[in-house]
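Data block below; observations after.
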Amino acid sequence: MARFASSLQKKYLEDYAVQHGFDNIQHFSDDGYSGTNFNRPAFNSLLTEIEAGRVGTVIVKDMSRFGRNYLQVGFYTEMMFPKKNVRFIAVNNGVDSANPADNDFTPFLNIMNEYYARDTSRKIRSTFQSKGKSGKHLTGTVIYGYLWNEARDQWLVDPEAAEVVKRIFAMTIDGYGPYQIASKLKSEKVLIPSAYLAQHGEGVNKNKTFKDVYGWGSSTICNILEKREYLGHTINFKTRKHFKDKKSHYVPEDEWTIFENTHEAIIDQQTFDLVQKIRGNVRRYPDGWGEAAPLTGLLYCADCGGKMYVHRTNNGKRISQYTCSQYSKVPVGKLCTTQHRINEDVVLSLVSEMLKAIAEYAKHDRAEFVRVVQEAQSSQQTTEVRKQR
């Protein structure tokens with residue numbers, strides 16, 4: 001018999017199991033995970049046991065503890081479990097798959113549980129939106145260059161870190177690239193932003209042990225140069241969480257809410273605009289080999305949709321690799337979970353094979369090929385028109 005339980009539910013379910021003659025009990029607990037998330041460690045372990053034929057009965061306290069996505073819950077309770085001869089019991093709901101009469105009400109419970117999760121998420125989001133639309137910061141952390149004041153409702157300029165920020169902008173105007181700036185700060189043993197904030201009791205890494213507190217990277221420099229908060233503005237709603245997967249999804253810039261002059265600026269508008277212009281006009285050759293990457297601007301991450309940027313190693317092999325641009329944005333791994341690193345020659349090989357297949361397809365059925373291309377172009381044009389509306 002398998003059961004889902006937190007520490008407070010184990011005794012309750014164990015008593016039920018003993019009273020009803022179940023033995024060989026095993027707990028599958030996913031404490032801290034939402035019922036809307038089915039990618040839970042213990043849940044996956046349970047499925048593995050079921051597939052192996054080692055589970056006869058699954059008991060949960062109520063349907064919401066099993067899951068709050070009615071389609072996925074329905075798949076397991078009405079399709080997978082019966083197929084594997086697994087009995088399902090939800091104690092508080094009076095649901096027992098051994099009793100056919102209970103099954104008629106189960107789908108309705110699943111729908112109500114998902115509605116509850118959706119409604120709770122909506123209410124929480126409404127509270128955050130109300131706070132965000134008032135111009136207050138939604139995060140409990142400050143960016144590098146600022147510290148919270150005692151009242152915790154406004155940012156104050158941190159003179160020491162602010163000077164580093166100003167210097168980064170100034171060096172960019174003087175023609176230094178992100179990599180050069182990072183190397184300079186590292187050689188001067190300037191603390192990286194996360195280590196500096198942790199040293200001052202701020203940031204999300206207060207208790208983290210850093211491998212290299214001076215390990216500045218070009219992505220950190222780029223991140224600083226892009227932040228409008230240094231103009232004295234509060235920018236809210238950059239990300240949005242979905243009630244099912246609980247993940248933060250990046251929101252397009254035109255959907256951000258910007259409140260101007262909410263705190264003291266570190267960078268003036270003229271300097272900020274000049275830096276953006278410089279960075280926008282630079283034709284980047286990250287390796288210094290004098291060659292533009294052939295796939296620049298054409299590769300996008302399959303997971304988050306972010307651009308894939310080229311990085312070239314110079315260890316004697318001169319290998320070009322593409323990585324997701326969103327992964328390295330601070331905090332690292334928030335916008336995309338991995339770098340999705342792939343060698344350029346692998347991509348070029350795949351593209352070459354695909355082009356050969358397309359050419360072969362066009363050769364054998366030219367009319368159909370033309371139709372497919374025209375259909376794709378029409379669909380793309382329709383999408384562009386909708387974006388402009």
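The values are calculated or read from the model by the stated rules, or taken from the named source; none is laboratory data. The shown structure was predicted, so the numbers you read here are calculated from the model rather than taken from an experiment. Don't worry about glycine lacking a Cβ; one is built from the backbone with ideal geometry, like all the others, and counts go over all protein chains shown.
For the reader, a short list of remarks on this structure follows.
Okay, residues lined up against (1) over 20 Å from Gln180 (Cβ atoms); (2) in contact with a helix residue (DSSP H, G or I) (Cβ under 6 Å, 6 or more places away or on another chain); (3) at pLDDT below 85; (4) not assigned by TED's automatic domain parsing to the domain that holds Gly145:
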residue	(1), (2), (3), (4)
Glu264	yes, no, no, no
Trp289	no, no, yes, yes
Ala302	yes, no, yes, yes
Ile319	yes, no, yes, yes
Pro331	yes, no, yes, yes
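- Qualifying residue in the range 241-260 (condition: at pLDDT 85 or above, part of a loop (DSSP other than H, G, I, E, B) and either farther than 30 Å from Leu348 by Cβ or in the same structural domain as Val351 (by TED's automatic domain parsing) (or both)): no
- Unmet criterion (only one of (1) at pLDDT 75 or above; (2) more than 23 Å from the chain's Cα centre (by Cα); (3) assigned to a loop (DSSP other than H, G, I, E, B); (4) of a type in the set (S, T, N, Q)) for Thr296: (1)
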